[in-house]
Each structure stands twice: as structure tokens, then as C-alpha cells.
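The structure appears right after this line, and notes come after that.
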Amino acid sequence: MTKLIVDGKEIDVPPHYTLLQACEAAGAEIPRFCFHERLSIAGNCRMCLVELKGSPKPVASCAWGVRDCRPGPNGEPPEVLTRSPMVKKARQGVMEFLLINHPLDCPICDQGGECDLQDQAMAYGTDSSRFKENKRAVEDKYIGVLVKTSMNRCIQCTRCVRFAAEVAGVPELGAIGRGEDMEITTYLEQAMTSELQGNVVDLCPVGALTSKPYAFVARPWELGKTESIDVMDAVGSAIRIDTRGREVMRILPRVNEAVNEEWISDKTRHVVDGLRTQRLDTPYLRENGRLREASWPEAFAAIAARVKAAPPERMGAIVGDLAACEEIFALKDLMTRLSVRNLDCRQDGAALDPALGRASYLFNATIQGIEDAGALLIVGSNPRKEAAVLNARIRKRWRLNHFPIGLIGERVDLTYPYRYLGAGPETLAQLLQGGDFLESLKSAERPMILVGQGALARPDGAAVAALAARLAGEVGAVTDGWNGFCVLHTAAARVGALDLGFVPGPGGKSALEMVQPGALDVLFLLGADEIDVPPGAFTVYIGSHGDRGAHCADVVLPGAAYPEKSGTYVNTEGRVQLAARAAFPPGDAREDWAILRALSDVLGQRLPYDSLGALRRAMYAAHPHLQRIDEIAAGDPADIARLAARAGAVDKAPFKSAIADFYLTNPIARASLVMAECSALAEGHQALTAAE
């Protein structure tokens, strides 16, 4: 530790700290524009100037290390002043320079009310300027459908450039020109292609980069703010949902160091307009091949008539990708009371079985644990599309120091270099026999095997999972204090449903078996939109959007989307998270668990809970780990050994990513015009890249 005196207060800080960090550790407030804790140091803005005793001029505290400070003439600790007249004058001068060319358009700027420049001008600026020159004019740049540019406001802090190059790993932004002529651009003014590009809007300290879909929509002081959890993938990013009245206006990230740090994907951020379109707001009943509006009692009566006429073995239920644990628990409870054993949450047919133990389907190393891994093998997954924020964490680990990465599957751009080993399960089997990369895994201190749904959602998925578990044991990925066998899920509801045991009972049919022609008489779909249901079975769909599930249904019961209900989700690493209600469902739509509770009355199998609190008490009694919010109930490492002991033959077919189009993976995203534009841009970029 190094001693330092900050504003007369003596503190001890690590020698690798910068002066800015040391001053903040002492409780001093240091203004900044270019500095960001998760980006490299640029030292562009000079707003963080402090006075270092012995230095002839103020120093930039973000770029000056504590270890570079000289002691006093008698060996006393270095002394830093953050509120001296020299510092005050220096900061006023910097602010005066920054405002020379900045346009005075705060009333029409979307950053107004959340602008760092506004806040710091109030705190450190003056009431007049000595500069009378004409302000420079910079043309706005086109960088895609998500980020709007107003480059007259840019102060060249280069946060966006550093984020694109360092965190996103797609260095599409850069600076051209020098001095007054410097501009931030994509060079050829093409759309940005990163799945994390929306984060540059949060990073921009002025209004140069703002959200294009949110332009001129609302002011921050008009909005109600609700902390919640994202369900667009299985990462469970911490988000803040901003609403005005009953309408969701925007979604922003919250800081959660263990999950998403402070980043969210573009799908998470910009799926908002999909919450307003193609919504189901009243029950529907199919008559003469067409759906017509119906009342709740009418819809329930039609369901009851079919359920009473069907034997339990001819009924089934499938859970979709966005369902919360509460409605899954209620649906399972209802089906159990009806003696139905045909239950499944694996729409894609993934070979995941809770009977093999929780560790067999969790991302056991945890998302934050990626930073501790010594080597990584990716099997049948494209993390960039399946979990963009988690992929950024892998890139972060790769940037720290030597980190061998191998890939078995599709050859894709993951934003970091990797060694391509092969396309299918045969490569995985050969890797067990030996090779350079096997030695890299064995020599690593904490190796990690990441298994994607592209490897599990296939006929030989169980055999592939066993092979991966065997490899994990072979390379020492499962030891005391470290479990490197990691399953990367793509559905927010999947881990929670597996924890609740929503899988076929003894003699029950799987999801793929249930949708075979003539397999069932009655089928319940709880937001299941990623599976094709052939005509034949009487289908009841409970969901929020008029997507695939509603199109094939005989009865449609309108449910709530994820911002419109309070629900429990379990992310891919097994972390229990609580999503809070931010808005209310439209029209006659109701929360899914309440629909099932009302339906149970009509079916003569009344569920014993009349409130969300009562339902949760029943759920917690059956599954105690679900009440420990933001905690991970770790799986037993012995589960991996049991999984590895399973036998089975693998196919020769290559692995394919579970997600073909990052922007259109669920009914909310498919209802979004913004996501449709992003998808079209991505397809065009892929076609251009292929042509080159």
C-alpha cells in the first residue's frame, strides 16, 4: 500500500491506483468526461485536473499513477489537492474550452436531464466565455438504426471508440482529422454491426450519440423507473424499465458486476416497440377455422369441455422461453392434479434432464468466473449471438493475458481469436484421444468447457453432453473449488423450469413427441412459440403476442409480457432473480398464473392460492432455493461424473448455432419494427461479407 494525503486526509491505496481512484477513495469528487472505469485511459478531456504538491502545473488524475508521485522533501507522503484555487481555475478553463463549439440546444437534446456536460457545467463552469468565434459545424454520421448522431455536440472524449474496440470487439468507430477538425466516424458511414452498440449511448457524456428509436419520445423526469431483469436471453442482465403511464418507454442497464457489469445487448434495449404491437388483449375462440373474440367464461367453458372428454395420457403442456417460475409452477400443479405426465420445457428437444442433477444443466463456473478461467473450449455454440453480454466477458478475459480458446462448431466471428478445431461431435471425440489443444486445457489452471444448445438440441444431444462431461473430467475442469462444465442456455425460462421439474413424468412424452400428428387430444402452450404444432390436438395458448403459438391455437388466453408481471427467473448460471412489474397488461389480458388459477376452478381442480404471495409460498416450500434472490445454489460436481458415465453414439452432422437470427428470437422481438430493421441490416452485412 502507498500513503497519500488528499485534501489533508491521509489514506493508504494500492500502488497501481491512479490519482483519480485514490482521490475518490478519500471521498473527493473528481469530474471527468473521457475516463471510464471499464475502458482504457485516454486522458483527452483534462476535466479531472488536480494539484499535486511539487508539480508546476495541474496534472490529469486519470492518467497519473500513485506510484509516480514523488514524496515531499523530508520524505512525507505525496499531497494532492482537489479543491484548491489552482484546481478551480483549471477546471473552469477546461469547461470554457469544451463549450467553445458546443451548441446551445439543450431544450431539444435527448440527453437533456441526464447530461454529464450539463451537470459539470453547473458545478465547474462560469457564467460567461472569453471566446467569440463561430462554432464549428460537423455533419451528422449514419451509423445504423439504433444510434442517432448529433456530432456538433461531440467533445471527442473517444469513449465510444474505446468501447467498440475494447469491449464490443468490433472496432468500427474511430477518429479522423486533428485538433478542431477531429471527427468521430465509421469512416465509410456504414451501420455498426455489434450486438452491443447501444451501450455507446449510455457512455456518451454529451448528446452526440443518442438512441434513435427513442428520439424526442420522453424526458427522464416524466418517467417512472422500475428495476427488473431482462429475459431476451438466459444471462439475466440487470435492467431498468422506464414507463410513462401504462406504456414502457425505454429499457436501460443497471450495474450488476456478477452478471452484466453495466452492459446490455441491443435486443434487450430496443425491443420496447415490440411490447406495443401484435398484443393479445382479449380471449379468442376458433370457430369454423377462424379465431373470434370471446369472453373469459366462454373460453374457459370450451377448454373444460375438451379436458373432461380427454384421458390424462392424451393431454400435455409445453412451456415457452419467456415464462416466469410462478406460472410454470402453477401450470405443473394444475397438470399434476389432472394426472397429466406429458410436460416439457425443452421446445428445441435439448438433452437436459434434471434427474441427472442440477450441475448437468448449469453454467457452473458462473459468468463472473469466466475471468478466472485458464482456457476455454466452446462446443456447439455461438456466444456472440446466444449471449452477447457473456461473450463480452469472454473477450474481457482474453484481453487480460494468455487465454487459449478452442471452438468446435460453426466457424463464426466471436470478436476474439480462437483455434478452430472442427465442426461436429467427431472432433470432440477425437479431442479426448489427444492433441495440442487437449494439452492446453490440461495445463490450464482452471479449464472451462462451454456447451451450447446447438450441441444439445439434436438427436445425439445426450451423447454429446456425455462426451463433453467426460472431457471436463479428463482435463481437470471439475475439481475442488472449480466446476468448469458450463451449459449456455438461450431461453430465460429454461433453467427455472428444469429446477421445477417441468419435464415428462414416467411414461410421459417430450415436447417433440407431443407435437407429432395424433399424439395428443389437448395441448396447453404457455408462451411456447418456437415449436410447430400440427392441426389435430385441441390447443390452448396462453401468451402475450399473436405469434406462432396463437396462430395454431383453438383457444387463445391473453397473458402478460415480462415488464407487466412480477416473476422469478433463474439465469443460465443458476442465479435466482426477481423481475418486477413496471406496467400493466393491455385490455383483458391477465398475469399467466392468475389465468391458470381461474381456469383451475372451471376444471374442478382448484389451485390452493389466490394471490401471488400465496403462490410463492407454495413454490418456496417445494423448491426452497428459489427464495434466495440473487444467489446461486451450486450443483453437485458429482453430477458431471454421472453425466460422463452415460453411453451413446454421436452423429456425424456438424453443430449448428441454436440462434440463426440474433434479433428475432422470441415473439416480442419478432413484433418489433426496430428488431426487423436490425435483422435486415445484419443479413445485408453477412451477404456483403460473403461476397467479398
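Data for the structure
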quantity	calculated
Span from the the stretch 1-73 Cα centroid across to the the stretch 95-134 one, whole angstrom	25
Per-residue SASA entry for Arg397, accessible area with 1.4 Å probe, Å² rounded to 10	20
Whole-Å distance, taken between Cα centres, linking the stretch 584-621 and the stretch 170-240	39
Residue pairs, from the table Lys141/Lys225; Lys141/Lys267; Lys148/Lys267, whose Cα atoms sit over 25 Å apart	Lys141/Lys225
Whole-Hz ³J(HN,Hα) from phi, Karplus 6.51 cos²θ - 1.76 cosθ + 1.60, for the stretch 213-224, glycine and proline x	x, 9, 4, 6, 8, 7, 9, x, 6, 7, 9, x
Most to least packed among 346-353, 435-442 [average Cβ atoms within 10 Å]	346-353, 435-442
Rg/Rg_globular for the stretch 588-657, with Rg_globular taken as 2.2 N^0.38 Å and Rg from C-alpha atoms	1.83
Intensity falloff of the stretch 421-467 expressed as log10 I(q)/I(0), Debye formula with alpha-carbon point scatterers, at q = 0.14, 0.31, 0.33 Å⁻¹	-0.37, -1.22, -1.26
5 angstrom amide H check on Phe363, placed H, neighbours 5+ away	Val487, Glu573, Gly574
Label-point separation, Ala258 to Glu410 (7 Å along Cα→Cβ), nm	3.3
Residue-count net charge about Cys106 - beta-carbon cut-off 15 Å; Lys, Arg +1, Asp, Glu -1	-2
Mean separation of Cα contacts under 8 Å (6+ apart) over length of the stretch 464-580, as relative contact order %	19
Distant alpha-carbon pairs in the stretch 557-692 (separation over 17 angstrom), percent	77
Segment Gln605-Met122, length gained on full extension (0.36 nm per residue, minus Cα span)	167.5 nm
Carbon/sulfur fraction of accessible area - the chain, other protein chains in place, 1.4 Å, %	51
Ellipsoid semi-axes in whole angstrom, largest first, where each is sqrt(5λ) of the Cα gyration tensor of the stretch 210-311	38, 19, 12
Around Arg286: net Lys/Arg minus Asp/Glu count, Cβ-Cβ under 11 Å	0
Directionally averaged projected area (convex hull, Cα atoms, the stretch 106-146), nm²	4.7
Solvent-accessible area of His623 with every protein chain in place, 1.4 Å probe, in Å² to the nearest 10	40
Cβ-based net charge around Ile405, under 11 Å, with every Lys or Arg adding one and every Asp or Glu removing one	+3
Cut-off under 5 Å, modelled amide H: who pairs with Met448 long-range	Gly374, Ala375, Leu376, Leu377
Whole-number percent relative contact order across the chain, with pairs defined as alpha carbons under 8 Å at least 6 apart	15
Residue-averaged [θ]222 nm for the chain, counting only DSSP H segments that reach four residues, each worth -39500 (n - 2.57)	-7500 deg cm²/dmol
Whole-Hz couplings from phi, Karplus 6.51/-1.76/1.60, listed for the stretch 353-364; x for Gly and Pro	10, x, 5, 7, x, 5, 5, 6, 10, 9, 7, 4
Relative contact order computed over the stretch 226-362 (Cα-Cα under 8 Å; 6+ residues apart), in percent	12
Surface accessible to a 1.4 Å probe, per residue, for the residues of the chain, Å²	40
Cα pair distances in the chain, grouped into 10 Å bins until the bin that holds the longest one, percent each	3, 14, 22, 23, 19, 12, 6, 2, 0, 0
For the stretch 452-458, Karplus couplings with θ = phi - 60° (6.51, -1.76, 1.60), whole Hz, Gly/Pro x	x, 5, x, 8, 9, 8, 8
Test item: Cα-centred dipole of the stretch 472-611, Lys/Arg +1 and Asp/Glu -1 on Cβ, debye	240
Accessible area in the full protein assembly, largest first, 1.4 Å probe, for Phe329, Phe97	Phe97, Phe329
Trp296, Trp221, reordered so the largest accessible area comes first (probe 1.4 Å)	Trp221, Trp296
Listed peptides 149-159, 204-214 by packing density, highest first (mean Cβ within 10 Å)	204-214, 149-159
Thr82 accessible area, 1.4 Å probe, all protein chains in place, Å² to nearest 10	10
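The values are calculated or read from the model by the stated rules, or taken from the named source; none is laboratory data. Here the structure is a predicted model, which means the values were calculated and not measured. Methodologically, a virtual Cβ is constructed for each residue, glycine included, from the backbone with ideal geometry; neighbour enumeration extends over all protein chains shown. Side chains included, ligands, DNA and RNA excluded: accessible areas come from the protein's heavy atoms. Shrake-Rupley method; radii C 1.70, N 1.55, O 1.52, S 1.80 Å.
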